[in-house]
Amino acid sequence: MDTAESSEPSRLQRLKQSVDAVLLSLEIKLVRFEQRSPTARRITRFLDSLALPNMMLVFLLLASLFTIVSAAGGDPVIVNSNVTNVDKRPSAQLIASPDATTPSVQYGMNLMEAQLRYRDPFVIDTFEYSDRNDLGFWHGSGENLDVHYGVDRRRGGHYARLYPKDPDQNFHSQVSAVHCTNFMPFRERYLHVVFSGSNKFSISLNQNNFECRPGRNPYPATWDTVEARRYLSGKNDIYVPMSHFAIDLSKIVSVSFNGFYSGESVTLHRIEIVRVLPTGASVPLKLPNGQMILKCSRPNSFAFGIDDGQPRFAQEVMNILEEEKVLVTFFVVGQGLRDKETNFTQVYREMLRRGHQVALHSNTHQKMEALDDEDIEDEILENIDAFKDHLGIQSRYFRPPYGTIGARTRQILAARLLDPYIVNWSVDVEDWLWADTDTPERQIEAFTRDITKGGNLAVMHYLSPSTVAYFRQFIHTVKSAGMNIMRIDQCLEDPNAPPLK
């Protein structure tokens, strides 16, 4: 009796492992098929909607595969099985047949991804460990955000308590250590966050670059962001439809929390993805929030986005651009245009006459996500009005001061401008760091480093004589790399941009 009882769990475990192995194999094939076949996509969506037990799913999957298996030849190829996650679980990269015309990473998925569809909930983080999440990948803070981990004796479980002091600070929980993670199986599900404390923050889903390589710029390539308080269900639960993140769900890097705009702490208890909303819960409509841009899309292009400057350097900058025969984009603060002593109105009228692009950069150059909603709107409207009154132009292009951006700023911007471009960068001159030090040449190193990593959209200023002195060298570096320098609207292939000469 004792022997029989002690052996029973192992039999169940072996049975479960066998079922999981079958599901894993079938899921790999189905995901591969659905990338190629509309019929396969309809079948897998139908199976998703059933939420059936594993054994029944095995038979349905077998029947589905028998129907469509002739449509795709060959098995997935295991490219590597390097252990990349913290707790030593294997992460093998799987691709479609080697003769695929698109890059293999487009069809890339690891073993974890192949099981995503059948986990409900799919738990990302319960904060049991300070250095990794439940998937075994890194989680932690950026920009010196103070984080305390602990045991929640009242609720049970664990937590991560965030003490933000700046909207730039952030907390990431990664879903991959190296490769892109395919969240397409979750496209009709919900991101569920259990939290306590302040609800004044943003939630982002971050997308890897096209090459799925952390060493390439930009990393991440882009992200979409929602305002946490809009998606509240009760006091402590947030449910966000995955479809509200307008990014490529096949290349996900992490879930992150940022855009904090109160001095109150935020305590995270759980991050997961669930199949259905609880009874009585609802979600709001997705608000327009513009396009987050960090990289030029036109092949072989490069763009300089030049922010704030000193009037005394303006003529030298114009001369360099004229002599080098290149066009750039200037991001301009409204307050400077209104200040007659700076002469910025005449400077940027001349820039426009010479064919350069002039775009929005707020009214007073504050970290806008730290402001209340009315002040954010004022910053945007005053900038728009200054352009109309002093330059006679309108612009859909906006660079947030300091690169600080969150859900509220994006939403308010999109409410005032039709489909705005929110432009940060993938090349940083780091003039803010090195220009006025004993080693200003570090600006050249920073510029060259980011171009070597694949960046093609720059941020710089003309606030310091050293930066202006290096500007011509920056231009020559780009030309030597065989790239064509142009305005940002041109490098993004905006149909309203002037044609290339």
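Key figures
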read-out: Given (1) modelled with pLDDT of 95 or more; (2) of a type outside the set (Asp, Glu); (3) not assigned by TED's automatic domain parsing to the domain that holds VAL326, index of the condition LYS501 fails; value: (1)
read-out: Any chance ILE393 is in a loop (DSSP other than H, G, I, E, B), touching a Gly at 6+ places or on another chain (Cβ under 8 Å) and either modelled with pLDDT of 95 or more or within 13 Å of PHE331 (Cβ to Cβ) (or both); value: no
read-out: Hey, PHE302 in a strand (DSSP E or B), at pLDDT 95 or above, out of contact with any Lys or Arg (no Cβ under 7 Å at 6 or more places or on another chain) and buried (at least 17 other Cβ atoms within 10 Å of the Cβ) or not; value: yes
read-out: Residue satisfying all of: in the stretch 446-477; under 26 Å from the mean Cα position of the chain (by Cα) and either in a helix (DSSP H, G or I) or among the acidic types (Asp, Glu) (or both); surrounded by the fewest Cβ atoms within 10 Å (Cβ to Cβ) among these; value: THR452
read-out: Lone unmet requirement of (1) within 22 Å of LEU337 (Cβ to Cβ); (2) under 27 Å from the mean Cα position of the chain (by Cα) for GLY392; value: (2)
read-out: Filter result for ASP436 (assigned to a loop (DSSP other than H, G, I, E, B) and more than 24 Å from the chain's Cα centre (by Cα)); value: yes
read-out: Tally of residues being surrounded by 15 or more Cβ atoms within 10 Å (Cβ to Cβ), in a loop (DSSP other than H, G, I, E, B) and β-branched (Val, Ile, Thr) across the stretch 230-285; value: 2
read-out: The stretch 137-161 residues that are at negative phi, paired with ones that are part of a loop (DSSP other than H, G, I, E, B) and acidic (Asp, Glu) (beta carbon under 6 Å, 6 or more apart); value: HIS158/GLU128; TYR159/ASP152
read-out: Any chance MET368 is crowded, with 19+ Cβ neighbours inside 10 Å and out of contact with any strand residue (DSSP E or B) (no Cβ under 8 Å at 6 or more places or on another chain); value: yes
read-out: The listed residue being assigned by TED's automatic domain parsing to the domain that holds GLU430 and either touching a Cys at 6+ places or on another chain (Cβ under 7 Å) or of a type in the set (Lys, Arg) (or both), out of LEU463, LEU457; value: LEU457
read-out: Residue match in the stretch 333-354 (condition: surrounded by 15 or more Cβ atoms within 10 Å (Cβ to Cβ), assigned to a strand (DSSP E or B), in contact with a helix residue (DSSP H, G or I) (Cβ under 9 Å, 6 or more places away or on another chain) and at pLDDT 95 or above); value: no
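The values are calculated or read from the model by the stated rules, or taken from the named source; none is laboratory data. Just so you know, these numbers come straight off a predicted model, no measurement behind them. Reconstructed Cβ throughout: ideal geometry from the backbone, glycine too, with neighbour counts over all protein chains shown.
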